[in-house]
Amino acid sequence: MRRTAALLALALGPVLVLGVFFVLPVSGMLARGLWPDGTFDPGAVAEVLTRPRVHRVLWFTAWSAGAATLVSVALGLPAAYALHRLAFPLRRVIRAALLVPFVLPTVVVGVAFKQLLGESGPLGFLGLDGTPVAIVLGLAFFNVSVVIRVVGSAWESLDVRPAEAAAALGAGPVQVFRTVTLPALRPAIVSAASVVFLFCAAGFGVVLTLGGLRYSTVETEIYLLTTNLLDLQAAAALSILQLVVVSVLLVISGRLRAVPDPGVSRVLARPRRPRPGDVPVLLATGVVLLFVGLPVLTLVAGSLQVDGAWSLGNYRALGSTGDQQALLVPVTEALGFSLRTAVDATWMSLLMGVLVATVVTRRSRTRAERRVRSALDGFFMLPLGVSAVTVGFGFLITLDSPPLDLRDSPLLVPIAQALVALPLVIRTLAPVLHGIDDRQRQAAASLGAGPLRTVLTVDLPVVWKPLLAAAGFAFAVSLGEFGATSFLARDDQPTVPVVIFRLIGHPGAMNYGMALAASVVLAAATALVMLLVERLRVPSVGAF
Amino acid sequence: MLSLAGVSVAYDGVPVVRDVTLDLPDGGVLAVLGPSGSGKSTLLRAVAGLEPASGGRISWDGQDLARVPTHKRGFALMFQDGQLFNHLTVGRNIGYALRLRRARGIDARVGELLELVGLTGYADRLPATLSGGERQRVALARALAVEPRLLLLDEPLSALDAGLRERLAGDLHRILRAAGTTALMVTHDHDEAFTVADRLAVLRDGVLVQEGDIAAVWRAPADPATALFLGYARVLVGPAAGAVLAAAGRPPAASVAVRRSALSVAADGRLAATVRSARATPEQVRLVVDVDGVGEADAVASLDRHPGPGERVRLDVDVTRLAVIPTGVAEDQSLH
């Protein structure tokens, strides 16, 4: 009883925060749709779901996310193997480089693909600009890194001996893969694929920049309905649908994660030198590297050109407000806002993340306790799948009256970004805390260490690196966050992604050049943070 | 016939196995005995094709295996902890290699093998529900399923507790004989080696120290360290060796390995000694004695006689529990 109470007390802070800044806005948004004139009217929501355009949007969301998931898994599997099981030069650097796309700001990726596939781009002759193929490729660009990360870390810790046993029983390499390796990896692959599908289906920045108004996913449609068409009822209907689908997907992926083969032993395998048989895998990894590298290189090259000549003009222009006063403040100032916001978002998500991770990983003594823990765990994963647009818009309509009049508060944007980063922080910390044998704490306690001392001697030495890594991860995510920020950032205090989006929407060659330059700066900042994180070598970063 | 000629294996340039030459005739069971870190598992992995040999030649019936990958060698490897495929049932584990070969009558063969290892009716169980001993039996059945031309056993019993190990070692001996399997087993447990194998190779620091018929190796260890590893309690040198051998009616030698029970308390024994300490076990009393003209040694007494420290006793020497070591100097004679 006392333990359960202590548990709830620890969790109270984060629960309150999530309640006020997530549940309240989201339900406010939903209420707008379901109670349009103060009376409950679900029929209108049902009506929305029968519209042909909504059908098109749903279908497009489903197949583009499915296709992007397939592409991500197909590209990610060989790379995961090569980067985690083979030893070759620059392996660590390539691994870190392939982690970067996931935290690249969505808007930046959109711009990079536009630059690559556009009429004047190096791949312009393919005529893919503005087609669904471009959107699928853009989505896959992000999520290949998720597959590599999740499947790779599972592959890395996969005991090689069952495979050796199979080989010794006469199974050839392909048969070993099919009968032993694949079944052992299946939980990781399924869990990666479901998370990737989730991210793709909620893709916002990429779709908005590449698809424009022609191709719309549920997420961008919610954005268009709320900001352009002011059809809140339809937006709410789509939000509800998204919430349901996401919850179902989260439950399924949670189930899949919860029952990994209990007997799979975890041993770090020594990477071995590539053999002739590994050439196809290495080639496929090269393709992935090209796929990830090409858009980034085009982006960098584009940012260094003004009117077809090499120049740093675009970067110099970052101190200005662009052609025809496209912006209210110079990009450099936006960068300052971005960094300050990211710092705030980082400490907030860390504070909540540590509390939640501690609460959900302590061993449960009773069934009730276990239920409370797993409910909390699921609760804090919700922001992972709920449309950032819904949250952002919900903030605007629910936090506008006392006592919660926060619309002008400088903390509003960091709080929203902290919520977006929170699931990733928890997913980074929880496995580490979970891995600490409770008996270590008991041993410390039996030797006379108080609770604080126990944390210092047992938990802290194990956790400080993942903590740093989670901080970096949250920082990078916050730097690139666009969905919620686009609603909440005040015009005179925009973050860099918001500025980039505004710049590409404004006519004027200089503005586009500035958008490219700002994208490069933002990408470089997030990449730098992620490379530092990768140096900490925390396996659970980016594992879901 | 398996032949190893001057085989060396290195990890990252560090030699782990050096210049091992061995022959294993068909139907033989060879135990490679060595302390942990002696390179015995590495040698086994090299034979299986899981580690490349850095030198020498591993061949089967004269055919060099260097370019033959593991799955084409026709060997089967049984791991220390079984390495059953946890996602497959016992029956499918055992039938794994049969299915790879698209053999017919798999179910019947699986049933036969289950019976051979004493697990009839276990076909539909999952490995996670088995005890350690049962898992090892399944692993053995799986390895035997396609009648491999060579069975490789990597410490097959050491993950089990003592009683079970002893029983399974007996079973393993019976099963290997019944199937007529040629087998190479590595172990650090000399009792296990004696129970299962008929030939013995002793490996130390990656070097093959001694190899031969198991009883022959047992009777004449090549050097003191080998003797100690084979379970001899002490190695006596110089005059001490001479005195013990003389008491046993043997010509003197440079050194002699003595089992704990080689000296026993007897009224008409030919050696005189002072008891230093005594400890009773369920079967006998174990003594540490100071033998006149020999020095400290171990001895046993039957339970009805329990000499106390300081007491003078007479000791008889059992010549079958001595081993004369041809190479003289024992550098680690004080080990026991």
If you take each beta carbon of peptide B:40-53 and count the beta carbons of other chains within 10 angstrom, what is the mean? 1
What area, in nm² and to one decimal, does the C-alpha convex hull of the range B:70-229 cast on average over all directions? 10.0 nm²
Which FRET efficiency value, to the nearest 0.05, is calculated for residue B:215 and residue B:318 with the Förster distance at 22 angstrom and r the Cβ-Cβ distance? 0.85
Given H placed on each backbone N at 1.01 Å, which residues far from residue B:276 in sequence or on other chains put an amide H within less than 5 Å of it? B:288, B:289, B:290, B:310
Rounded to a whole number of µm²/s, how large is the Stokes-Einstein D of the range A:286-377 at 20 °C and 1.002 mPa s, given Rh as the Kirkwood radius over C-alpha pairs? 118 µm²/s
For chain B, what is the calculated [θ] at 222 nm in deg cm²/dmol (nearest 500), taking -39500 (n - 2.57) for each run of four or more DSSP H residues and dividing by its residue count? -7500 deg cm²/dmol
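For the range A:294-445, what does the relative contact order come out to in percent, with C-alpha contacts under 8 Å and a separation of six or more?
The normalised contact order for the range A:294-445 reaches 26 percent.
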Let me see the pair-distance distribution of the range B:134-213: every alpha carbon pair, 5 Å bin width, integer percents in order. 3, 14, 27, 26, 17, 10, 3
Can you tell me the Rg and the Dmax, both Å, for the Cα atoms in the range A:339-487? 17.5, 54
Using a/c under 1.5 as the rounded threshold, could you call the range B:68-122 rounded, prolate or oblate? The axes a ≥ b ≥ c are square roots of the C-alpha gyration tensor eigenvalues, and prolate needs a/b larger than b/c, oblate otherwise. oblate
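What number, in nm² with one decimal, is the all-direction average of the projected area of the convex hull of the alpha-carbon atoms of chain B?
If you wrap the Cα atoms of chain B in a convex hull and average its projections, you get 19.6 nm².
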Go through the range A:120-134 residue by residue and turn each phi into a ³J(HN,Hα) via Karplus (6.51, -1.76, 1.60, θ = phi - 60°); whole Hz please, and just put x for glycine and proline. 8, x, x, 10, x, 4, 6, x, 8, 4, x, 9, x, 4, 4
Can you give the calculated 222 nm mean residue ellipticity of chain A, where each DSSP H run of n ≥ 4 adds -39,500 (n - 2.57) and the sum is split over every residue, rounded to the nearest 500 deg cm²/dmol? -23000 deg cm²/dmol
Which whole number gives the average count of other chain Cβ atoms within 10 Å of the Cβ atoms across peptide B:274-281? 0
Can you run phi through the Karplus equation (6.51, -1.76, 1.60; θ = phi - 60°) for the range B:212-229 and list ³J(HN,Hα) in whole Hz, with x for Gly and Pro? x, 4, 4, 5, 5, 4, 4, 6, 9, x, 5, 8, x, 4, 4, 4, 4, 5
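In peptide B:71-78, how many Cβ atoms from other protein chains are near each Cβ within 10 Å, on average?
4
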By Cβ neighbour count within 10 Å, fewest first, B:92, B:250 rank B:250, B:92
Listed highest first by mean packing, meaning other Cβ atoms within 10 Å per residue, what order do A:111-121, B:63-73 come in? A:111-121, B:63-73
Place the peptides A:177-185, A:430-438, A:477-485, A:304-312 in order of packing, highest mean first, counting for every residue the other Cβ atoms within 10 Å and averaging per peptide. A:477-485, A:177-185, A:430-438, A:304-312
Where does the Debye-calculated log10 I(q)/I(0) of the range A:432-532 sit at q = 0.12 Å⁻¹, using only Cα point scatterers of equal weight, no solvent? -0.60
Based on the inverse mean of 1/r over its pairs of different Cα atoms, what is the Kirkwood hydrodynamic radius of the range B:223-294, in Å? 13.1 Å
For the range B:1-124, convex hull of alpha carbons as volume per residue, Å³: 146 Å³
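Restricting to the range B:88-215, compute how many DSSP beta bridges are antiparallel as a %, nearest 5.
The answer is about 60 percent antiparallel.
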Nearest-0.05 FRET efficiency for residue B:250 and residue B:304 at R0 = 30 Å, using Cβ-Cβ distance, is 0.50
Using the number of other C-beta atoms within 10 angstrom as an exposure proxy, rank A:473, A:337, A:291 with the fewest first. A:291, A:337, A:473
Under a 5 Å amide H to amide H cut-off, with H placed in plane at 1.01 Å, what residues pair with residue B:29 once short-range neighbours are removed? B:183, B:198, B:199
So for the protein assembly as shown: antiparallel DSSP bridges make up what percent, rounded to the nearest 5? 75 percent
Straight-line reach only, C-alpha to C-alpha below 19 angstrom: list the aspartates and glutamates that residue A:114 could link to, leaving out same-chain residues fewer than 8 apart. A:129, A:307
Residue farthest toward the positive end of the dipole of chain A, with Cβ of Lys/Arg at +1 and Asp/Glu at -1: which of A:18, A:429, A:335? A:429
Sparsely packed GluC sites (Glu not before Pro) within the range B:236-336, loop by DSSP, other Cβ within 10 Å at most 16: B:283, B:311, B:331
Place the peptides B:11-17, A:234-240 in order of packing, highest mean first, counting for every residue the other Cβ atoms within 10 Å and averaging per peptide. A:234-240, B:11-17
What list do you get for A:510, B:1, B:78 if you sort them by fewest beta carbons within 10 Å? B:1, A:510, B:78
Using the Cα centre of chain A as the reference point, and only Cβ charges (+1 on K/R, -1 on D/E), how large is the resulting charge dipole? Debye, rounded to the nearest 20. 2420 debye
Length-normalised contact order of chain B in % [C-alpha pairs under 8 Å, at least 6 apart]: 17 percent
Can you tell me what percent of all Cα-Cα pairs in chain A are more than 45 Å apart? 15 percent
In whole Hz, the Karplus estimates of ³J(HN,Hα) for the range A:487-504 (6.51, -1.76, 1.60; θ = phi - 60°; x where Gly or Pro) are 7, 9, 5, 6, 4, 8, 9, x, 8, 4, x, 4, 4, 4, 4, 5, 5, 6
Could you work out how far apart the two model spin labels at residue B:107 and residue A:228 are, taking each label as a point 7 Å from the Cα in the direction of the beta carbon, and quote it in nm? 6.3 nm
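Laboratory data are not the source of any read-out in this text; all were calculated from the coordinates shown. If you're wondering where the values come from, they're calculated on a predicted model, not measured in any experiment. Cβ sites come from the backbone with ideal geometry, for glycine too, and all protein chains shown count toward neighbours.
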